[in-house]
Ligand code: GLA
């Protein structure tokens, strides 16, 4: 698709094509920016870039999704207040140049089928795709973890949206038929095979993640405050990752209840994620599902980032045959739920949840049965 668009817009063949997937997080939510553990999978929805070099230092980029062109010079990369879709590429390009990679001008077309603002990390896919694009076009030989960090910097420092490292990491380094277990403290990671007896079903609530950014910032701050409170008691903690359940229990009465609950989500979610990896390896998918369910309760009650619609989707999911576990996924406040469903029940699950959600409210759910896929920087 993107190749054809390129041909149409630039009247030439692209030199290269790259793709970067969106993601779904199975468990380990709001833990990445607390130095904790996550277990996402890359999905079979991707952003594709097609392009070729130019002899000068101009970059012309066409967005298939926005049907618009933007243009900038490699020596003066500024944020575009109108064509905001071009800022991910601008950010990545600026930071690559800033790090001493000498780029050339290029003609680029990009687009894809990762739903926007649905909590499936379309922006991470656009950033990682841009990084993979330059890497391949110019043979930069970037170290994959460096590329991930650079893509995240583009989101944080150029686009100006706070986030942890999970989304860019999985978009770059996910693997087909595997989840990725990542320690966000030291960025060590391991691919864990997913059982072929289960399906990952993503249900998009249709609610755009309106409050997500401001509430995300609030949660970030609260986590830092909680760490400061705990550290002030003489415990050697730098992040919530270092906090033990027993320490937190001991502080229940002496700590502000809201901060305590925020910390409790993160500390318990880290425990759940560690257990989830273990049971995934032993094939105990029922326990895996229970952990997902517990994660949702914790996100709803302690972390307070769920929504009426997400809770409804989770409730409906849990009534279906073949369901193992259901929870909201991503930042929250709209977006999607992730469900683990026995393979043979997946089809009827999709139909029943679609129907139930339609009958319960005014919005239609979009439901995807996902295949775990390769990341942009994983060689096949
Ligand atoms: C968003 C962020 C991630 C992560 C999740 C919550 O997707 O981009 O870094 O913090 O929210 O787990």
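Quick note: the coordinates plus some simple rules give every number you see, no bench work behind them. All of these numbers come straight from a predicted model, not from anything done at the bench. Every residue, glycine among them, receives a Cβ derived from its backbone with ideal geometry; neighbour counts consider all protein chains shown.
Apply the Kirkwood formula to the chain: the hydrodynamic radius equals the inverse of the mean of 1/r over all pairs of different alpha-carbon atoms; give it in Å with one decimal. Working shown, then result.
On the way: mean 1/r = 0.0469 Å⁻¹.
Mean inverse Cα-Cα distance, inverted, gives 21.3 Å.
Take every pair of alpha-carbon atoms less than 8 Å apart whose residues are at least six positions apart; their mean separation over the length of the chain yields a relative contact order of 23 percent.
First measure r as the distance between the Cβ atoms of residue 347 and residue 177, then evaluate 1/(1 + (r/R0)^6) with R0 = 30 Å and state the FRET efficiency to the nearest 0.05.
FRET efficiency, residue 347 to residue 177: 0.90.
Dimensions of segment 1-106 based on its C-alpha atoms, expressed as ranges along the principal axes with the largest first, amount to 45, 31, 26 Å.
When you count, for each residue, the other Cβ atoms within 10 Å and take the mean per peptide, how do 144-154, 66-76 rank with the highest first?
Details: 144-154: 21.6, 66-76: 13.9.
Ranking the peptides 144-154, 66-76 by packing returns 144-154, 66-76.
Extent of segment 280-373 along its three principal axes (Cα atoms, max minus min coordinate, largest first): 40, 32, 27 Å. Rounded to the nearest 10 degrees, the angle from helix 212-231 to the longest Cα principal axis of the chain is 60 degrees. Only Cα pairs under 8 Å and 6+ residues apart enter the sum, and on that basis the relative contact order of segment 2-193 stands at 28 percent.
Express the C-alpha Rg of segment 2-193 as a ratio against the empirical globular expectation 2.2 N^0.38 Å, rounded to two decimals. Compared with the compact-globule rule of thumb, segment 2-193 sits at 0.98. Pairing the Cα long axis of helix 257-282 with the longest principal axis of the chain, what angle in degrees results, from 0 to 90 and rounded to the nearest 10? For 257-282 against the chain, the angle is about 80 degrees. Using R0 = 25 Å, the C-beta based FRET efficiency linking residue 196 and residue 378 works out to 0.80.
Averaging over all projection directions, the Cα-based convex hull of segment 212-328 occupies 8.2 nm² in the image plane. Working from Cα positions, state the angle (0 to 90°, nearest 10) between the long axis of helix 144-153 and the longest principal axis of the chain. Around 90 degrees separate the two axes. Taking 0.36 nm per residue of separation and subtracting the Cα-Cα distance, full extension of the segment from residue 211 to residue 244 would add 8.8 nm.
For the residues 90, 58, 351, a GNM of the chain with alpha-carbon springs under 10 Å puts the largest fluctuation on 351. Between 24, 198, 92, the GNM of the chain built on Cα springs shorter than 10 angstrom shows 198 fluctuating the most.
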